[in-house]
Amino acid sequence: LVISDYELPEGYEPNRVKLLIKLPPTFPDAAPDMFWVSPAVRAPGGGAPTATSSERLLNEAWQRFSWHLVAGEWKPGVSSLRDFLRCVRGRFLRLN
């Protein structure tokens, strides 16, 4: 799933990116894991966000955020893509 024109919290450069989320075959029973942005972003202060790397997907460069939900945070049959997007947003709000 690619979300075009995803707005990042204040301080990130660029402030709008494409957000890629790989949905597992058994979604929504299984949670998505990690996420990617294009182009690569810089955290507030100018550095690369922690636990990121470059990866080529869909014929372009993406910045992978090696980030995982806390155990029990995803509730099969209850949690949704909206819940995962809230968690992604929370990851960016940690400002690193």
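Structure notes:
- The percentage of C-alpha pairs in the chain whose separation is greater than 21 Å is 30%.
- Net charge dipole, the chain: roughly 60 debye, given to the nearest 20, about the Cα centre with Cβ charges of +1 for Lys and Arg and -1 for Asp and Glu.
- Portion, in percent, of the accessible area of the chain that falls on carbon or sulfur, probe 1.4 Å: 54
- Based on the reciprocal of the average 1/r between different C-alpha atoms, the Kirkwood radius for the range 32-86 equals 12.8 Å.
- The range 1-73: trypsin sites (Lys or Arg not before Pro) in DSSP loop, at most 16 other beta carbons within 10 Å: Lys22
- Each residue of the range 8-22 was assigned a 3J(HN,Hα) from its phi angle through the Karplus curve 6.51 cos²θ - 1.76 cosθ + 1.60 (θ = phi - 60°); the sequence is 8, x, 3, x, 7, 10, x, 8, 9, 9, 8, 10, 10, 10, 8 Hz, with glycine and proline shown as x.
- At most 13 other Cβ within 10 Å, DSSP loop - GluC sites (Glu not before Pro), the range 18-76: Glu73
- Remark: the range 83-91, residue by residue, has Karplus-estimated 3J(HN,Hα) of 5, 5, 4, 5, 5, 4, 4, x, 4 Hz, where x stands for each Gly or Pro and the curve is 6.51 cos²θ - 1.76 cosθ + 1.60 at θ = phi - 60°.
- Probe 1.4 Å, protein heavy atoms only - accessible area per residue of the chain in square angstrom: 58
- Mean residue ellipticity (222 nm) of the chain, computed from DSSP H runs ≥ 4 via -39,500 (n - 2.57), nearest 500: -4500 deg cm²/dmol
- For Pro44, neighbours were defined as the other residues whose beta-carbon sits under 12 Å from its Cβ, and their charges (Lys and Arg +1, Asp and Glu -1) total 0.
The values are calculated or read from the model by the stated rules, or taken from the named source; none is laboratory data. Because the structure is a prediction, the values reported are computed rather than measured. Glycine gets a Cβ as well: all are built from the backbone with ideal geometry, and neighbour counts include every protein chain shown. Accessible surface is based on the protein model in full, side chains and every heavy atom, while ligands, DNA and RNA are left aside. Shrake-Rupley method; radii C 1.70, N 1.55, O 1.52, S 1.80 Å.
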